[in-house]
Amino acid sequence: MGALLPLTSALWLAMAPAGTCWLPDDQTAGWKRVELPPEAPALAAPEDVDQFRAGEPVRLVESDAKAYVGASSPKPGRMAYTFRFPRGTSRLEVSFLEPLRGAKVDATASAEGRTFPLLSERRQSGNTLVLDWNAADVDGVVVEVHHHLRERPVVRAWRTGRSVWPEREDSVPATFKAPRSLYFLHPGGGRYVTLCQAPGRMLSLSHWPAEGAPSMVSLTRAP
């Protein structure tokens, strides 16, 4: 076992530190494929770009119209918003029409008949609430806003996120399943996308690639 230690140490030393970046040679819009450098197995595009790495789970963020069940007022000065979604969901993002301006917010998850809190009277100032959890059997969340002396909040939009493996999805074309690859959707519009080593960050996307093949991209180490 001891003979493996020098090799393991060499691999860690060869790995680029977090934040080390590369420049893709193709900055046009569309899906791109990057062969991951040996020293950068966690290479990633900026967080707002749709992307995934083969052989790793990715958070698929969806806007399912059926997820929002509706609103009710359980007590004066409170509004409760109920959401239902498939098991395996691990994130809920709720956007309100106006900022909550410091209102207290409770969030309760349900899973197979039991409930547990995600938030308890946490004050929120903005108009977007993001909830994450680790339990795989959660099938619903109730968000309750204490809006005393404020206008009644109105839900404007919502999204859910669940962890999936790209290579296990039949709807993903085979051209997007090459090993040791990063796939990202360049937004175009004159934007320059830089790829950086980001270990520990889970990648996300809003939809799977359509039929076709991504453009292969070459990299240059950023100065």
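Take every Cα pair under 8 Å whose residues are at least 6 apart in sequence, average their separation, divide by the length of the chain, and the relative contact order is 40 percent. Segment 162-203 and segment 26-79 have Cα centres lying 10 Å from one another. Among ARG101, ARG53, ARG91, the largest mean-square fluctuation in a Gaussian network model of the chain (Cα springs under 10 Å) belongs to ARG101. Partner lysines whose Cα lies under 17 Å from the Cα of LYS104, excluding those fewer than 8 positions away in the same chain, are identified as LYS75.
Secondary-structure-derived ellipticity at 222 nm for the chain, considering helices only, amounts to -1500 deg cm²/dmol, per-run term -39500 (n - 2.57) for DSSP H runs with n ≥ 4. Counting only aspartates and glutamates at least 8 places from LYS32 when in the same chain, those with an alpha carbon closer than 12 Å to its own are ASP50.
Against the longest principal axis of the chain, how steep is helix 5-14, in degrees 0 to 90 to the nearest 10, with axes from Cα atoms? On a 0 to 90 degree scale, this one is about 80.
Probing with 1.4 Å while keeping every protein chain in the model, the per residue accessible area of segment 28-91 equals 46 Å². Taken about its Cα centre, the chain carries a charge dipole of about 660 debye when Lys and Arg each add +1 at the Cβ and Asp and Glu each add -1 at the Cβ.
Rolling a 1.4 angstrom probe over the chain with all protein chains present gives an accessible area of which 54% lies on carbon and sulfur atoms. Once a ≥ b ≥ c are taken as the square roots of the eigenvalues of the Cα gyration tensor of the chain, is the result rounded (a/c under 1.5), prolate (a/b larger than b/c) or oblate (a/b not larger than b/c)? Prolate is the answer for the chain, as a/c is 1.5 or above and a/b outweighs b/c.
The values are calculated or read from the model by the stated rules, or taken from the named source; none is laboratory data. Values in this document were obtained by computation on a predicted structure and should not be read as measured data. All Cβ positions, even for glycine, are placed from backbone atoms using ideal geometry, and neighbour counts span all protein chains on display. The protein model used for the area step is the full one, side chains on, heavy atoms only, and it has no ligands, DNA or RNA in it. Shrake-Rupley method; radii C 1.70, N 1.55, O 1.52, S 1.80 Å.
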